[in-house]
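> There's a structure below that I have some questions on.
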Amino acid sequence: METILALGMPGGPEIFVILFIVLLLFGAKKIPDLARGFGKGIREFKDATKEIKKEVDDAGKEIDKP
């Protein structure tokens, strides 16, 4: 049971090791570009989610009209 829990979320030291490996693999100049791309992807996902929710709400209002 303890081995299953050990494979959960990484703690403090593990995060530093992961960040160090990412820094070695991509280099300091590439990391801001990766973060920017990641942020744009999250923003597009949120916008699409809001748009779908709005469409569903609008369709629900049209159905409720007598």
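> May I ask you to list the residues in the stretch 1-46 that are surrounded by fewer than 10 Cβ atoms within 10 Å (Cβ to Cβ), at pLDDT below 80 and within 20 Å of the chain's Cα centre (by Cα)?
Selection gives Gly8, Met9.
> Of the conditions (1) modelled with pLDDT of 90 or more; (2) open to solvent by 100 Å² or more (accessible area, probe 1.4 Å), Ile63 fails just one. Which one is it?
Of the numbered conditions (1) modelled with pLDDT of 90 or more; (2) open to solvent by 100 Å² or more (accessible area, probe 1.4 Å), the odd one out for Ile63 is (1).
> Starting from the stretch 2-17, take each residue that is of a type outside the set (Gly, Ala, Ser) and list its partners that are in a helix (DSSP H, G or I) and modelled with pLDDT of 75 or more, counting only C-beta distances under 9 angstrom and pairs at least six apart or across chains.
Short answer, once both residue conditions are applied: Pro10/Val17; Pro10/Ile18.
> Sticking with this one: Are any residues in the stretch 47-60 modelled with pLDDT under 90 and among the polar types (S, T, N, Q), and if so, which ones?
Result: no residue meets the conditions.
The values are calculated or read from the model by the stated rules, or taken from the named source; none is laboratory data. Fair warning: this is a prediction, and the values are worked out from it, not measured in the lab. Because the Cβ atoms are built from the backbone with ideal geometry, glycine has one as well, and the counts that use them run over all protein chains shown. These area figures cover heavy atoms from the full protein model, side chains too; ligands, DNA and RNA do not enter into them. Shrake-Rupley method; radii C 1.70, N 1.55, O 1.52, S 1.80 Å.
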